[in-house]
Structures are given as structure tokens and as C-alpha cells.
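Here's the structure, in C-alpha cells; my notes come after.
The values are calculated or read from the model by the stated rules, or taken from the named source; none is laboratory data. None of these values were measured; they are calculated from a predicted model. Positions of Cβ are backbone-derived with ideal geometry, glycine not excepted, and every protein chain shown enters the neighbour counts.
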Amino acid sequence: MLFNSFEFLYFLPLIIIGFYILPQKVRWLWLLIGSYYFYMVYEPALVLLLVASTLVDYFCALKIYSAKTQQIKKIFAGTSIAVNVGILIAFKYLFFFSASLASILAYFGIVIPIDEAEQSYHISQILLPVGISFYTFQTMSYTIDVYRGRIKPEKHLGVFALYVAYFPQLVAGPIERASRLLPQLKKKVAINLKNIEQGLIMMAWGFFLKIVVADRLGIYVDEAFANPESPHGFSLILGAFLFCFQIYYDFSAYTTIAIGIAKVLGVDLIQNFNRPIFFTSSADFWKRWHISLMQWMRDYVYRPLVVNLKLKRVPAVLIVFFVVGLWHGANWTFVVWSMLNALLLIAEVSTNTFRSRLFKKLQIPKKIISFLGWFFVFCYLTITLVFFRSSSITTALVYLENMCNLGSLHINILNNYLELFLCLIFIGIVQLIHYYKGNNKVYELVLEQPKHYKWIAYFGYIIIIVLFGINRQSSFIYFQF
Amino acid sequence: MKYFILKIILFCFVLAGIYFSFMYKISTGYVDENYPKFCQEAGGLILGVSTASQGISPQILEDELQEFKFEKPIVNFAINFEQSQYGDIYLNSVKNKLKKQHQKGLFILTVTPASFTTTKNLDEKALRKLDQEKILGKISNFSKAPNFDYISNCYPISLYNAIYPTNKWDNLVVHANGWNEFKLKSNSYTVTKEDLTLWKKQTLEFQTKFIKTQEFSKLRLQSFVETINFLKEKGDVFIVRMPLTAEMLALEDEKWKNFDAQFDSIAKTENVPFLNYSQKELGFNTYDGTHLVSESAKEFTSLLSKDIKNSLQIDANKK
């Protein structure tokens, strides 16, 4: 079910009212039923995968905790990881891997025909379970944490199932750790009007980001990326620039709505964005962008590589970013996007001292250096995102090549300049608000005001949503992952 | 608590109130080029893709075929190849679009390869799901004015257009009977020779690329036959292949060599006439190689009316 669908308008109030009316003992059941229903709206059969992943991790964690030897612990941890990774491979990467292998073999003259049915499955993507990368990573972190002795396993199967399927963050994160989310799901929640009000304002802000800003940008981005061969370089540059903001607002809209819903239900979800546009370096950007995934990668991929396998930092970073790329989707475009960012990160860290000395020698003011650094990284991110958005590497390269055709100033992706003006105005407003209040404290902007200003804000919001909202009911970009 | 709930209820009411006011305001003016197709019950229908949407005027058909007393109004219910390819969803919308108390209608089913294709290797389930996500799958009301079902589900731009419309192009005149008439000259823009050359080139390039990603769908063909069978019970059915430029025809023929023969055979099996204008040098003008401009659309509809009249008279003589 999409947050921005009409069904959700009925679903959410029902869930919230039921949650507060029902006694504490059965609230988990209410939320679990709601979460499974929420997921089954996409494709009922795929809930079985969710259940399978839940059962495997529940039992494996219990066995790990009760195991007397390290070897048995390893067996059950391995089983859990193998099942989750297996689900991911089977449902997301099987065709991708076989097609890639076939291409490599074809290069050496060995031709393997790829099964047509498999191809059909890949193209339709009908069976691709929504949010599979999010919930498998979430459950894997639980088993690994139990294995590492950081948390005790959850004995209540229902509550654990709710941890895996908790609907606000089920399909596009943030990826929550059991140590944070499980205790919150079990604690007694009393009606707290302040929390509910904050949550509702966060949801409203998220809907604004999605319906008014991201979907508006999406119209032009779709048009630009549908015509990578366009001779109008400025159109393509504008398309890439707008995509930078579209993906940010689209993803952060989902997270903000998820955080808002959870807050109404008495749960604080992890912050997933921290003003990523205001980064000071590439390394800083990755600390601010998709925080829950990057922290997951740090704890469960990077550290084991560096600490346990004694790998040096550069290969460890390359491996982490390779996994990040693959996590995003079964397409080499994501890997290229991710690896290009890894290269920038490595180059940035390894030239840090040299650059500091050089700038000192040249006596360039710090503010200018900061701005130039920001501008360079922003342009680099924009260029790499062309790979992220394109359907293939070839298409991305064609797009980038045609971006350089700057002979004409004509922008052919816009049928009216009022809309471009609106896009830029909304980007400006959002950035200004994020600058002052951050991504997760937007509600303060309203709640800290006197009563009559609050009402002006509420009615202003209604007018903006109604007048400037785009009714595309488009799914969130990160749903595909 | 009571005050808080009242506040939320008031917020929701104001939101809904303003939203519906603007929806109503939109419905009283220009919505989009497809909206008028969904605002009336139909006595007769023109089905197909955008070539039919812009190429056949229901008014001319009604006027020139008056003697046959076909149920009115005839509605041009063709949208475009993305929205109205033959299939279960299109058939269902046709069933819902027709008048409940129906006498004898005229039904023109235009055919072009684009009406029957799908992305390669798409299975039936995926194809149905894709069709369900289109305009005809999203709405359930096809014949109400104002049609809030259409506006709330399919209006693709912001409602501020109710006050300051930005999506209207004067060269495309949208008629209440569903015909989208393309004029080369309007108050705001006159199409130039350069425009025409560019559009024709772009369309040909697009089609050349697009056609490679497509394959013929048995499911669509099956639904097309079902549509004929359903409509045969409601009146007279004609299968029509629209005129198009030599370049476009060559492109379609290259990909689907036996297209005409296949539809000739279907027409014979189903006992309905197949009027094929694609192979004839009729001298109609298009603005992009496939879509007829206003004058040509009118001429073509007159020609079509004459051929339909002849066909019906031959049938009547036989009886």
C-alpha cells in the first residue's frame, strides 16, 4: 500500500484508533495484522517470504543464544544469513547474476542461452518483493547482534514478527536495529497528545515533500531521462540536477512519513537523513545520507573486513560500496554509481593532507575553498546519479555525452516555465527549513508558534497541498529496492 | 483530548472542502484532452489509439449516417497507445460506457499494430497488472459529468490550473464527443514547416526504436475478438485501419508482415467489414506521420462514412 494512496487514508486512522482503544496486551497483534495487510496489498503471496524470514531468524536467534559451543552458534548464524541472502538472490539477483555470467562467458566465445521464462520474470518484475532489501537486512542485523552477544533474542514470536514487518518502515526503511525497535514495540504506550501532534506534522511534511516537491520534479526528470539522446544539453543537465533533489525528497518523504506514523504510535524511529545537501565533503555526505544503511554497512560489512579480516581501508571501502550498489538493485548501473562515489571518497581521504598544505600555500580563504569543495562534490554526485537513474550503463553514457552539447540554451523538457519556477521555489523552501530545523524537527516550526500562527500554518498547508500537489499516486523510488 | 480530535476533524473537513471545491472548478473548464471522453453514456463508439482519437470525428459520422438511425451520441473513446490498447480493461470500460437501454449503435474498431503489442516477454499477469494501472483501469465511472472519479484519479497536474491553466494547447481542440482535433493554426501558435519536418523525424525515430521492444500479444488479440463479439450484439461493427504515411507503413509492415491479412481473416471469421485505408494513396495530411490534421481528419471521416454507408446498403440488399 502506498502512503500516498486513497486506501491509506482509511487504513491509517483505523490502525491508530484500534491501537489506542485496544488493551496493551493485544496491540502487537493489531499492528502485526495491520502490517501484514499493508504488505499484502502489493502482492498477497509475497507475505510468505516475510513470514519465512521471520521464522528462520526467530528460531536461529533462540538457538544461537542457547547454544553451548561457538561452532553451533556459527552454524545457526550462518543458516540465518544464508536464508536471508538466499531469498535476496533468488528474488532479486538470480537473473542479474546469470545474465552477467552469460555476458562474461560470451566474451570468451561461450554462448549460454538464458531461459526465456527467467527473462520474462526479470522484465515484468512483478514478483520482486517490495522492500526485500530493507527487511532482510533488518532481520540479519538482529541475528548477527544475538550472535555477537549484543542483544538477547526476543522470545515472543508475535513481537519479533512485528519487528520484522512493522508497517511504517517495512518497505523503505529506515533499517532499524532490534536493540532500538524491539523494546519500543513492547513498552506501554499511553496517549500522548504532544507526540501525536508531532507525528502528524511530520507526516504532513512528508506528504508535502512527496506530493508537492518530489513528484513535481519527477515529471521533468522522467522526461529528461526518457530522451537521453536529446541534443539539448541544458535539458539533460537540468534533468540530472532535478533528479538529485527528486531522489532526496522522495526518499526522505517516505522516511519522514514513516517517522511520523511511528511517533503517533509511540515509537521513535532512527533518523535517516541529516541535511545531506549541507555536506562539507564526500565523507560527510555519506554520514548524512541514508544513515541507517550506511551504519548497517559500517557495523556488519566494513568493521568485520577491517577488524576480523585485517583488510586495509581502501579495499574495505571498495567492497562496502560495491555491496551498497548491489543492495540498491540488480543492475550494474547501481554498482557504477556506488563505485564512482567510493573512488571520490578514497581520493578525498588520501589527498586530504596534500590539499590542506596546497590551499595554505596559495592563501585561498577557507570559505571559498569550502564552497568550491561543496560545488565539486555536488556536481560529481549529480553526474554519478545519472548512472543511478539510467536503465543501463550505455544509456547513462549517452546521457552524459549529450549533457555536453551546450550549443543551444533551449530546454525541451519544460512545457511551461512557471513549473520550473515552482520547482526551484519549493527546493529553496525545503532547503531553508531543513537548514534551520534539520530533517526531523520540522514540527518545531509549527508547534513553537503562538496559537493563531499555528492555524495560519495549518490552513496555508492545506492550500499548498491542494493547489500544488501532483496527483500521480506514484510509488516511492526506494520501493524498488 | 476532545479539543484535539475536533481540531483534526476540522482540519480534514477544510482539506476535503477545499479539495472538492477545486475539483469542481476544474471540471467546469478544461481538464485535459481525454476528460470529455468520460463524461457521457455512449450510443456508439470509436475505439483504438491516438490516430483514431484525432482522426475520426463522431459528429460527421452522426450527420452523414443519419438515415441508419444509429443510437446517439457516438463518442470517440480512443485515447492513445499507452492508455487504450485492446484488452480486458478496455473491454470492461466499453461495457460500462454504453447506454443501459441500448438500441442499435455504430462501432468503429480501429486497428494498428500499436493496439496489440506489449513489451517483450511480459506474461499475462504482468500485462493485466500494467493495464490496470492505466486510466481505464484506475476509474470505474466512464460516463458521468462532472466526472470526479476521473479528476481525482487521472488528473496529472496541480489543481492551481483551475485558476491559471497551463496544460491547454490551443492547436488541439478538444470536442465534447471525444474527438481531439489538431489544427495547424490557432490564436496562439501556427505550426511551421520546420515543426512538421522535426515531428515527423522524431516520430519515425521513436517508432523505430520502440517497435524493437514490442511483440504481438495474443491476449490483446483475444480481447479484441471478444470486443467485436460483445459489440456485434449492440449494433454494427467495422474494423478500420487508419491511413498513415508510406514511411510509417513500411516500418509497421517490416515488423508485422501479415498484419492486414490477419485482420482480414478475423473480419471474415467474425463476419464484420474490414476497411483498410493504410495501403491507399489518399493524400491525407498528418502532422507527425501518423496523426491526421483537422482538414484531413474531416475528409477521412467523410470517406469512412461513405464506405460504411455502402457496406450497410450492400448488407441491406443481401437481406
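Results, tabulated for the structure shown:
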item	result
Odd one out for A:W296, checked against (1) at pLDDT 95 or above; (2) more than 17 Å from the chain's Cα centre (by Cα)	(2)
Boolean, A:G233 is at pLDDT 90 or above and of a type outside the set (K, R)	no
Matching residues, the stretch B:77-90, being within 13 Å of the chain's Cα centre (by Cα) and surrounded by fewer than 22 Cβ atoms within 10 Å (Cβ to Cβ)	B:N80, B:F81, B:E82, B:Q83
Flag if A:F108 is more than 15 Å from A:V164 (Cβ to Cβ), surrounded by fewer than 17 Cβ atoms within 10 Å (Cβ to Cβ) and more than 22 Å from the chain's Cα centre (by Cα)	yes
Residue among A:G373, A:G469 that is crowded, with 17+ Cβ neighbours inside 10 Å, away from chain B (no Cβ under 14 Å) and modelled with pLDDT of 85 or more	A:G373
Condition check for B:F216: touching a residue at least 24 places away in the same chain (Cβ under 8 Å) and in contact with a Pro (Cβ under 8 Å, 6 or more places away or on another chain)	yes
Selection count, the stretch A:256-289, where residues are under 30 Å from A:R27 (Cα atoms) and surrounded by 17 or more Cβ atoms within 10 Å (Cβ to Cβ)	16
Close pairs (8 angstrom Cβ cut-off, 6 or more residues apart or separate chains): assigned by TED's automatic domain parsing to the domain that holds A:K366 in the stretch A:278-291, crowded, with 20+ Cβ neighbours inside 10 Å and among the β-branched types (V, I, T) anywhere	A:F279/A:V377; A:S281/A:V377; A:S282/A:V377; A:F285/A:V377
Residue within the stretch B:128-139 that is facing another protein chain (nearest Cβ under 8 Å), outside any strand (DSSP E or B) and either touching an Asp or Glu at 6+ places or on another chain (Cβ under 8 Å) or buried (at least 19 other Cβ atoms within 10 Å of the Cβ) (or both) present	no
Checking B:L172 against (1) within 13 Å of chain A (Cβ to nearest Cβ); (2) more than 30 Å from B:A16 (Cα to Cα); (3) in contact with a helix residue (DSSP H, G or I) (Cβ under 7 Å, 6 or more places away or on another chain), the condition it does not meet	(3)
Residue within the stretch B:184-204 that is touching a Gly at 6+ places or on another chain (Cβ under 6 Å) and at pLDDT 90 or above present	no
Looking only at the stretch B:1-29, and only at residues there that are farther than 20 Å from A:L9 by Cα and in a helix (DSSP H, G or I), the one that is farthest from the other protein chains (Cβ to nearest Cβ)	B:T28
Helices (runs of 4 or more DSSP H) fully within the stretch A:333-408 counting 2 or more residues that are touching an Asp or Glu at 6+ places or on another chain (Cβ under 8 Å)	A:393-403
Residue identified as of a type in the set (A, V, I, L, M) and part of a helix (DSSP H, G or I) among B:L244, B:L282, B:L231	B:L231
The stretch B:140-169 - residue that is among the polar types (S, T, N, Q) and within 11 Å of chain A (Cβ to nearest Cβ) and, of those, surrounded by the most Cβ atoms within 10 Å (Cβ to Cβ)	B:S158
Set A:I17, A:I33: member being assigned to a helix (DSSP H, G or I), under 30 Å from A:I465 (Cα atoms) and not aromatic (F, W, Y)	A:I17
